[in-house]
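Down below is the structure, laid out as structure tokens.
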Amino acid sequence: MITQLLSSIAQGVGLTLYVTAASLVIGGLIGLVLVGAARSPVAIIRGIATLYINIVRVIPPITWLFLIYFGLPQFALKLTTIQAAIIGFSIIASAFMAEIYRSGLLSIPDGQREAAHALGLSAVTTVGHIITPQAFRVALPAIATYGIGLLKDSALASTIGVREITYYAQQSAKQTHEGLLSFVVAGVLYIAISLVVALIARRVDLTLRRKIGVA
């Protein structure tokens, strides 16, 4: 029975990883724009970015999914369940990633920027080779933690019909009447994936520490 349930529920692993990874990457890229805007010297740009980040973070993820999947068709924009899930989670991820980036940047002493300027390094070189690698290393644990949280939140995509792990767990529970066992199996799969993500993040962190000479 357990083997059968595992085989059935594991069908959703691929889509779970796809939605999570796509949302994290897209949200991460938008987050870079947001953190830049939030640190802009122009007050109105800074205010809009800050307002966006604050609003997005306080609205529950499931509300975003419903707004996008059920709301946008009223404006003649029909999305598939996967598209709606990725867009919804990307919007959410962008706000959280912007805050993570901001924390990483704030951890870098201003003296490093001043030293780079004194050495005649360009702004692009300073940001690309001095600030960003250190800020990313500082932010990596938070990014990994958020990525694991996003993986768990992806279960909400089952509410709009995305066939990920929780979706198949629900279907298995209905077919076999083994609700408890079905969701235990789903939970084990989430734990296994989360451990792999954590291990990868740890390996990347150690590599970055060696490259920038941090003990």
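The values are calculated or read from the model by the stated rules, or taken from the named source; none is laboratory data. Because the structure is a prediction, the values reported are computed rather than measured. Every residue, glycine among them, receives a Cβ derived from its backbone with ideal geometry; neighbour counts consider all protein chains shown.
Contact map, the stretch 92-107: first residue over 10 Å from ARG39 (Cβ atoms), second residue among the basic types (Lys, Arg), Cβ cut-off under 7 Å, separation 6 or more or different chains; pairs are ALA95/ARG57; PHE96/ARG57. So which pairs qualify, if the first residue must be in the stretch 75-91 and surrounded by fewer than 24 Cβ atoms within 10 Å (Cβ to Cβ), the second must be modelled with pLDDT under 95 and small (Gly, Ala, Ser), the Cβ gap must be under 6 Å, and the two must be at least 6 apart or on different chains? Qualifying pairs under 6 Å: THR81/GLY161.
Contact map, the stretch 157-185: first residue within 30 Å of LYS78 (Cβ to Cβ) and of a type in the set (Gly, Ala, Ser), second residue modelled with pLDDT of 95 or more and surrounded by fewer than 16 Cβ atoms within 10 Å (Cβ to Cβ), Cβ cut-off under 7 Å, separation 6 or more or different chains; the map is empty. For the stretch 128-135, the condition holds for no residue, the condition being that it is closer than 15 Å to ALA93 by Cα, at pLDDT below 90 and crowded, with 18+ Cβ neighbours inside 10 Å.
Taking the conditions exactly as written (surrounded by fewer than 14 Cβ atoms within 10 Å (Cβ to Cβ) and either part of a helix (DSSP H, G or I) or in contact with a Lys or Arg (Cβ under 9 Å, 6 or more places away or on another chain) (or both)), does ILE9 satisfy them or not? When the stated conditions are applied, ILE9 does not pass them.
If you go through the stretch 151-201 and keep only what is of a type outside the set (Gly, Ala, Ser), under 23 Å from ALA84 (Cα atoms) and not in a helix (DSSP H, G or I), you end up with VAL162, ARG163, GLU164. Here VAL35 fulfils each of the conditions (1) at pLDDT 95 or above; (2) surrounded by 14 or more Cβ atoms within 10 Å (Cβ to Cβ) apart from (1). Only one of the numbered conditions (1) modelled with pLDDT of 70 or more; (2) over 12 Å from the mean Cα position of the chain (by Cα) is violated by ILE143, and that is (2). ALA21 meets each of the listed conditions (1) within 30 Å of LEU181 (Cα to Cα); (2) free of Cβ contacts under 8 Å to residues at least 24 places away in the same chain; (3) surrounded by 17 or more Cβ atoms within 10 Å (Cβ to Cβ) apart from (3). Please go through the stretch 188-198 and give me each residue that is surrounded by 13 or more Cβ atoms within 10 Å (Cβ to Cβ) and farther than 16 Å from SER7 by Cβ, ordered by number. Residues satisfying the conditions are TYR190, ILE193, SER194, VAL197, ALA198. Scanning the stretch 75-88 for residues that are hydroxyl-bearing (Ser, Thr, Tyr) and assigned to a helix (DSSP H, G or I) yields a single hit, THR81.
For the stretch 48-74, residues that are touching a residue at least 40 places away in the same chain (Cβ under 8 Å) and either small (Gly, Ala, Ser) or outside any helix (DSSP H, G or I) (or both) total 1. Being within 23 Å of the chain's Cα centre (by Cα) and under 30 Å from GLN171 (Cβ atoms): is that true of ALA49 here? In short, no.
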